[in-house]
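The values are calculated or read from the model by the stated rules, or taken from the named source; none is laboratory data. These numbers come from a predicted model, not from an experiment. Because the Cβ atoms are built from the backbone with ideal geometry, glycine has one as well, and the counts that use them run over all protein chains shown.
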Amino acid sequence: MNDNVKNGMADESGHKATLLLAISGTALFLGGAATGLLPMGIPGQWVYPHVAPSMESFPFLQIAGSFMVGAGLAGIALAARAKSAGSPRLTLAGIILLASASIFFDWKVLECGRIGVSENIMALYDRPTTGYLEAAKDISSFRGYMSDFASGQKNLGFISHCAANPPGRTSLCHAVYGLLDRFPPLQGFILGTMPRDAADAFAAFKANDLFPFFRMDGRDQAAGMLLIYLFLVLLAAGKIFIGCSIWSLYGADTAVSSACFYLFAPAPILFLGHYDCFFGAMSAFLMLLAIMAAKRNSISISAIAGVSACISTLFSVAFGVSCLWTMAYWLWASPSENRIRHFAMKHVIPFAASYLAVIFLLQALYGFGYVEVLLGCLGNNAQFYRDQAVRT
């Protein structure tokens, strides 16, 4: 048996092992979450809302349908393996199409909420739950908002989400309002095509004056729906980044064949309908950049990763962990000969330089004190979980 045949058999066995692990891991997670064996929080403090067989209306049909869709995508992906392996463009197209198909599945997950899509829409306007959209609608000067952010974090009796987190989420909402104001036809299109559940929810919000800080006119409604749609797109984007990472590490065959499992990626499903959707997409993008920079020994990609990491921390200080993971991966992936020098010159220095450049740019353009704000977020988070939402 020649070496080419042996290598082919080894690749095939590795491919099958990867798929088997993906199937087993997916089944274990879904089974554990649905039966309660996998803890979804701490009883009495916070339990993440999720479906369970104990529910009166457990979505058996939706779950069965999702598995059928996954099986169908698996068949398509497996049939395309031979063609995609020799064509990078076809591989990328397959990953994008299969990941984007998950949008329809994710929307069905939204509809399975305790009160359907309305639950996630309500969270966008509710001050104790989020508050970012409310803060954004009152911004008259974006530069003033950014420059005053640090002072607004101090000496607070009640810690809101806006004060406990960096300004990225509120800035996103401000951008959504700005987009709607700049392109009025977009507002009309969103209002004219929104699902019936969403239209009924907005009618109830307005009739019962549930959110008195909003006029709940067409502008406010379109902003909320545009955010929901953006969350769905970001879920798909995160899965595309995951697929490209698998492609880069394990090859086109595994990337395309495993695309059917993007439907069931746990983090996007848990975060669905909330600003946390950004976390999965942004962390997956940072992971992809880290892998590409290591495999190509690219200083420029390391620098792009630094920009991405700094912007990510404007949404949550939790991205500091992603930065540490990136550094650990680069150190591990560096060649054994001159490892520290390679790690520093190819990755750490360009990453840090671009990261600092974003900080200085924010200071120059908006008077935004990056370090002061992030330290304020850490302090307010500690106070929040100590006084307002006790966690053990």
Identify all residues within the stretch 334-392 that are over 25 Å from the mean Cα position of the chain (by Cα), in contact (Cβ under 8 Å) with a residue 40 or more places away in the chain and not in a helix (DSSP H, G or I); write none if there are none. Ser334, Gly367, Gly369, Val390, Thr392
For the stretch 125-142, which positions are at pLDDT 90 or above, in a helix (DSSP H, G or I) and not small (Gly, Ala, Ser)? Tyr125, Tyr132, Leu133, Glu134, Phe142
Here are Val51, Val5, Val47: which of them is at pLDDT 70 or above and of a type in the set (A, V, I, L, M, F, W, C)? Val47
Mind checking which pairs have a first residue in the stretch 143-155 that is assigned to a loop (DSSP other than H, G, I, E, B) and a second that is surrounded by 20 or more Cβ atoms within 10 Å (Cβ to Cβ) and modelled with pLDDT of 90 or more, Cβ under 6 Å, 6 or more apart or different chains? Gln153/Gly376
Checking the structure you have, find out if any residue of the stretch 176-186 is aliphatic (A, V, I, L, M), over 19 Å from Glu134 (Cβ atoms) and surrounded by fewer than 19 Cβ atoms within 10 Å (Cβ to Cβ). yes
Residue by residue through the stretch 200-228, note down the ones that are free of Cβ contacts under 8 Å to residues at least 40 places away in the same chain, over 21 Å from Arg169 (Cα atoms) and surrounded by 14 or more Cβ atoms within 10 Å (Cβ to Cβ). Lys206, Gly218
Looking at the stretch 356-376, is at least one residue modelled with pLDDT of 95 or more and either under 20 Å from Asn297 (Cβ atoms) or in contact with a His (Cβ under 8 Å, 6 or more places away or on another chain) (or both)? no
Single residue of the stretch 332-388 satisfying the filter (within 22 Å of Asn165 (Cβ to Cβ) and β-branched (Val, Ile, Thr)) that is surrounded by the fewest Cβ atoms within 10 Å (Cβ to Cβ): Val371
